[in-house]
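Reviewing the structure listed below.
Since every read-out is calculated from the coordinates, none of them should be taken as a lab result. None of these values were measured; they are calculated from a predicted model. Here the Cβ positions follow ideal geometry from the backbone for every residue, glycine too, while neighbour counts run over all protein chains shown.
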Amino acid sequence: MGSRKITDRQLVESAGFKFKSIPAGKLRRYWTLQNLWDILATGVGFFISLGLIIQFWPDRIFIKGGYVGVPMGLAAWLLRRPIILHESDARIGLANKLLMPLAKWVCVAFPYDSYNLPKSYTTKLIHTGIPLSEIFYQSEISNNTGIPLNDNKPMILVIGGSQGARAINQVIKTILPNLVQNYLIFHLAGKTDFASIKEWAEAERFRNYYLFENLPNEQIAYLMRRAAIIISRAGATAIAEIAASARPVILVPLPESANNHQLRNAEYLADRGAAILVRQEDFIPEVIQEWIFKILNSDLGSRLVFNIKQITQKGASEKIAELILQ
């Protein structure tokens, strides 16, 4: 089950599964007229969820979080179907918070001390981590990019996310002439800025700079394992991939992320010496160049690697599957 977005349907059906969409409204924390429509949509989604559960009568209902899970979770509870939740971030999202009292278990990606919850809820938590492709845990990955790399230069991997991160892209663009003198730069710019940056980079004819819109997991895993430093947003899955790859990372949380979860993710790692946190308003050329120098020219890099290794949790897929099947 998923939202009415066409991308949800395409992803699920391309993997060979049947898909049913559920209308639901986003859970906003501020007043807007849109809230009235969202309440109506969620109500409609609740009755559709009731019908789907009665039709398929599932033995378990696994909810990954997000507003679409709310009507399905409420319907599952009413029909006494067991619910298992999964929370990817270091802070329980609003949808999962609403469903926690109704759930049997809550699988969490971060260690228990990340979640500030009443004791009645903490007993439901099970630290599983985030399901990842096993390739991110491989210690040796052969070069699958088709690009011969200069082993004499450290590589910096910049990840802007699927849509891109304009603030990150613009700063990298500013300092790129300096960076390419000493480093290989692999830049995943995302969809939004890719065309304009590509046109600019081709006009400048930079060497040691490799620009992509996005890449498949297999190539990202190789680049992460090969990178001397990674610069990334602080989404939970990206953090899990970086932790599995055991690389030093500079995290730049998305300021407007829901429930400010990216900032919480980054703070959790930074407080444990597992990542460098740079807020977006502080993400300026001078700051980034200074952190790159410190990571590569002191023991800071090795300390970051040691600490982020403690965060990773291998085998999340198997743990969650076993829990569902118990």
Quiz item: Which distance in Å, rounded to a whole number, links the C-alpha centroids of the range 241-316 and the range 66-111?
Solution: 28
Practice problem: May I ask for the net charge around Ser21, where only other residues with Cβ less than 11 Å from the Cβ of Ser21 are counted and Lys, Arg are +1 while Asp, Glu are -1? | Solution: +3
Quiz prompt | Under 5 Å, built H, 5+ apart or other chain: amide partners of Leu184 | solution = Met155, Ile156
Quiz prompt | Sequence-separation-based contact order of the chain, relative, with Cα cut under 8 Å and 6+ spacing, percent | solution = 14
Quiz item: Label-point separation (nm) for Asn182 and Gln289, each offset 7 Å from Cα along Cα-to-Cβ?
Solution: 0.9
Quiz item: Rounded if a/c is under 1.5, else prolate if a/b is larger than b/c, else oblate: which is the range 136-309, with a ≥ b ≥ c the root eigenvalues of its Cα gyration tensor?
Solution: rounded
Self-check item: Residues Glu204 and Asn116, FRET efficiency given R0 of 41 Å [Cβ-Cβ distance, rounded to 0.05]
Solution: 0.30
Self-check item: Folded to 0 to 90 degrees: helix 261-271 orientation relative to the chain principal axis, Cα
Solution: 60
Quiz item: If one takes the longest principal axis of the Cα atoms in the chain, at what angle in degrees, from 0 to 90 and to the nearest 10, does the Cα axis of helix 300-309 lie?
Solution: 20
Exercise. Neighbouring Cβ atoms within 10 Å as the yardstick, rank Trp77, Trp37 fewest first.
Key: Trp37, Trp77
Quiz item: Under the Karplus relation 6.51 cos²θ - 1.76 cosθ + 1.60, θ = phi - 60°, what is the ordered set of whole-Hz ³J(HN,Hα) values for the range 242-259, x standing for Gly and Pro?
Solution: 5, 5, 5, 7, 6, 10, x, 9, 9, 9, 10, x, 5, x, 9, 5, 4, 6
Quiz prompt | Chain lengthening between Leu102 and Ala321 when straightened (0.36 nm per residue, less Cα-Cα) | solution = 76.9 nm
Practice problem: Using a Förster distance of 41 angstrom, determine the FRET efficiency expected from the C-beta separation of Leu79 and Phe212, and round it to 0.05. | Solution: 0.35
Quiz prompt | Protection-proxy order for peptides 111-119, 225-233, each taking the mean of Cβ atoms within 10 Å per residue, highest first | solution = 225-233, 111-119
Quiz item: Which whole-Hz ³J(HN,Hα) couplings does the range 211-222 yield from phi under the Karplus relation 6.51 cos²θ - 1.76 cosθ + 1.60, θ = phi - 60°, glycine and proline marked x?
Solution: 10, 9, 6, 8, 9, x, 3, 4, 6, 4, 4, 5
Exercise. Convert each backbone phi in the range 73-83 into a coupling constant with the Karplus relation 6.51 cos²θ - 1.76 cosθ + 1.60 (shift: θ = phi - 60°), then list the ³J(HN,Hα) values in order as whole Hz, x for Gly and Pro.
Key: x, 5, 5, 4, 5, 4, 8, 6, 9, x, 10
Quiz item: Taking a label point 7 Å from the Cα of Asp271 along the Cα→Cβ vector, which residues of the range 81-110 have an amide N closer than 12 Å to it?
Solution: 90-91
Exercise. For each of Ile147, Ile61, count neighbouring Cβ atoms within 10 Å of the residue's Cβ, then give the residues from fewest to most.
Key: Ile147, Ile61
Practice problem: Compute the FRET efficiency between Ile126 and Leu40 as 1/(1 + (r/R0)^6), taking r as their Cβ-Cβ distance and R0 = 30 Å, and round to the nearest 0.05. | Solution: 0.30
